[in-house]
2 protein chains.
Amino acid sequence: MTKPDAVLSQTSGVSATFTSVAPVSENGYISEEQVRQNIPTKKQFVDSHRQGVIIEGGVGYRQTVVIRSYEVGPDKTTTIESILNFFQETALNHVWMSGLLSNGFGATHGMMRNNLIWVVSRMHVQVDRYPIWGEIIEIDTWVGASGKNGMRRDWLIRSQATGVVFARATSTWVMMNKKTRRLSKMPEEVMAEISPWFIEKQAIKEDNPEKILKLDCKATYVNSDSKPKRSDLDMNQHVNNVKYVGWMLETIPDSFLESHLLSSIILEYRRECGSSDIVQSLSEPDDEGIILQEGIECDSHINFLNGLSLASEILEGSGLLGSFSKAPLRFTHLLQIDGRDSRKEEIARGRTTWKKKFSSMPFSPS
Amino acid sequence: MTKPDAVLSQTSGVSATFTSVAPVSENGYISEEQVRQNIPTKKQFVDSHRQGVIIEGGVGYRQTVVIRSYEVGPDKTTTIESILNFFQETALNHVWMSGLLSNGFGATHGMMRNNLIWVVSRMHVQVDRYPIWGEIIEIDTWVGASGKNGMRRDWLIRSQATGVVFARATSTWVMMNKKTRRLSKMPEEVMAEISPWFIEKQAIKEDNPEKILKLDCKATYVNSDSKPKRSDLDMNQHVNNVKYVGWMLETIPDSFLESHLLSSIILEYRRECGSSDIVQSLSEPDDEGIILQEGIECDSHINFLNGLSLASEILEGSGLLGSFSKAPLRFTHLLQIDGRDSRKEEIARGRTTWKKKFSSMPFSPS
């Protein structure tokens, strides 16, 4: 798995910043915020409002979610950003149900005492099928050990009606000191809090995860003018990690996005992005894939296979799809800070895998 | 209320575009999409997955919502965009429960037969209090008549725990022909479908709504480089109306947004915005308010009242707050298309009202 020292201060979904309000138990003072949030202090097994239940023999969490109208794109299917938001939400609700949640963004009481926050170092998401507007899904999440100082968090999304798996994901989290912004060992008391929740089960087996190469300025697609907006910041006053995916995907040409589905994304987080940073997003299609520039050009490998014109209209619904599914298209991504001096600090590296849509008609019964 | 002829083709939350899949009842063919969405064909009184119930003697809809971690801003309170998303979602779920929902974005079966979609012409939202992360709220929505050819839709957001009203909203909707993009009278068969759901109750009484003046290029704040992103488009392939609010608020200086809360917004929609339009957002603080430029300048009215330095640090928590709450700050907004020729077509006008935050510390017990 990713080494903790590869990670800088990206604080993501499941981490903590608020210290202004003390926990109820420490000084007897209950703030209005505490009353309104009503965070449980003991383990809960069912939460009817969150539609969550404890599973996996008492250590996993399952939440039923209805896909909302604003969580889908123009094609009526859930966006990858919404799926990542669901992951963040269910992870936090898992900690919520555990009775361990302190007054922060997913931090336990022990973490708060040690001034620690969660930072994500790696995320790998595989989507076989995107839920559609109004569809009911079940999201399972659970945690496991990752070395001596890390935690793995996995997710599985299923159709509630059929049980078919739509997506799976795994991620690695480490601890950071909130003040020094340096990575920290996991203190005994935090390990004692969270390790009873660890299980071996893995959503994605990654025996030998590939390294993501660092792109340089010769990358095919470069977007240089991205500035975080207020709405991109989360409770940690940083750009939320979900926004990173948006920035990566924005570099890919519309014509490609319209005819392809994202089937996998791997993210390696390097450092946090603040509200004043200017972000440069680079991406590069893989050599073995199809390279798109304005129109559609195809590589020699595919041409060799069939010798046909590969305009997308011809490909759709044709027998050629077989060869594409054997050779999925991939992009390498890099987000970096566009500093005033020549130094460009890395924010995140990414790797996306795509498959050709079967048809440009949404939900045709093919 | 707004005249229908003031409205162009802004298709918003509750409208329809998809025609590729016929309703189940018409040809007996059931698509995979229909199975996965499972839209009811008869009126439902309870939906446990959506946590919705029919209220108001059978014609209104109430949904319980838990504020999710990604629906709040850095200050842990729900963003105005999330509140508008909740409105869209509950409106659609109201139609969903009615058994009238066809295969589109809120259109009834009668509207589909007549090739009609809903377009919003006006929206007025008042927020007294913003829900916080983890808080449980109840959102009520219902509809009423608006002239011969329009419909009013109202909302009320309450704390589930205390019943305290957090926000209220009213909106006006008219019908548009999907092909000609012209406003349409409401056909008899559509009126027959929806009028049994009309009630008189109003969330906001607007006996004499003020007109919103059109700003010109001399506006104090101008943002000219906004391009819709793929993620801004909704199922109607247009920029969703919620994005309009984001564009309006982006013009306001950060220093103002950090020290003020949006308490009211009125939107008048003029025309749709497509994916290739470039949008210019203008805003102008009201004369009677405080004008901000870089630092904080105050108008003579306020200076006359107290003669003190009005730096924000002094204001916070001081007795001066009383005079601010009597004279809330207001902005006028304009979104227009930044066309290549000199013509700039209006997209929407807006009016926002703000109040000073009591403290810059989130949730201090003041």
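The values are calculated or read from the model by the stated rules, or taken from the named source; none is laboratory data. This is a predicted model, so every value here is computed, not measured. Glycine also receives a Cβ, built like all others from the backbone with ideal geometry; neighbour counts cover every protein chain displayed. Protein only, heavy atoms only, side chains kept; ligands, DNA and RNA dropped before computing areas. Shrake-Rupley method; radii C 1.70, N 1.55, O 1.52, S 1.80 Å.
Computed quantities for the displayed model
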quantity	calculated
Every pair of residues 6+ apart whose Cβ atoms lie under 6 Å, when the first sits in segment A:68-89 and is facing another protein chain (nearest Cβ under 7 Å) while the second is surrounded by 22 or more Cβ atoms within 10 Å (Cβ to Cβ) and assigned to a strand (DSSP E or B)	A:VAL72/A:THR78
In segment B:93-114, residue farthest from the other protein chains (Cβ to nearest Cβ) [restricted to those that are in contact with a strand residue (DSSP E or B) (Cβ under 6 Å, 6 or more places away or on another chain) and open to solvent by 10 Å² or more (accessible area, probe 1.4 Å)]	B:LEU100
Condition broken by B:PRO228, with the remaining ones in (1) part of a helix (DSSP H, G or I); (2) within 13 Å of chain A (Cβ to nearest Cβ) satisfied	(1)
Some residue of segment B:238-256 being basic (Lys, Arg) and over 14 Å from the mean Cα position of the chain (by Cα)	no
Segment A:115-140, residues that are modelled with pLDDT of 95 or more and polar (S, T, N, Q)	A:GLN126
Single match in B:ALA219, B:ALA203 (criterion: surrounded by 15 or more Cβ atoms within 10 Å (Cβ to Cβ), touching a Ser or Thr at 6+ places or on another chain (Cβ under 8 Å) and assigned by TED's automatic domain parsing to the domain that holds B:THR108)	B:ALA203
Tabulated pairs, segment B:198-211, first in contact (Cβ under 8 Å) with a residue 24 or more places away in the chain, second basic (Lys, Arg), C-beta under 8 angstrom, 6+ apart or interchain	B:GLN202/B:ARG152; B:ALA203/B:ARG168; B:ILE204/B:ARG168; B:GLU210/B:ARG351
Test: B:SER12 is surrounded by 23 or more Cβ atoms within 10 Å (Cβ to Cβ) and either within 25 Å of A:SER231 (Cβ to Cβ) or modelled with pLDDT under 95 (or both)	yes
Scan of segment A:77-129 for residues that are in contact with a helix residue (DSSP H, G or I) (Cβ under 8 Å, 6 or more places away or on another chain), more than 14 Å from A:LYS178 (Cβ to Cβ) and basic (Lys, Arg), ordered by number	none
Criterion (away from chain A (no Cβ under 11 Å) and either farther than 27 Å from B:THR77 by Cα or not in a strand (DSSP E or B) (or both)) met by exactly one of B:GLU284, B:GLU268, B:GLU272	B:GLU272
Residue match in segment B:174-186 (condition: touching a residue at least 12 places away in the same chain (Cβ under 8 Å) and within 30 Å of B:THR78 (Cα to Cα))	yes
Residue selected from segment B:28-74 under the condition open to solvent by less than 50 Å² (accessible area, probe 1.4 Å), part of a loop (DSSP other than H, G, I, E, B) and of a type outside the set (S, T, N, Q), by the criterion farthest from B:PRO196 (Cα to Cα)	B:PRO74
Strands (runs of 3 or more DSSP E) (entirely within segment B:121-194) containing at least 1 residues that are open to solvent by 10 Å² or more (accessible area, probe 1.4 Å) and within 14 Å of chain A (Cβ to nearest Cβ)	B:136-146, B:150-159
Residue within segment A:77-92 that is outside the structural domain of A:LEU257 (by TED's automatic domain parsing), over 30 Å from B:GLU32 (Cβ atoms) and open to solvent by less than 10 Å² (accessible area, probe 1.4 Å) present	yes
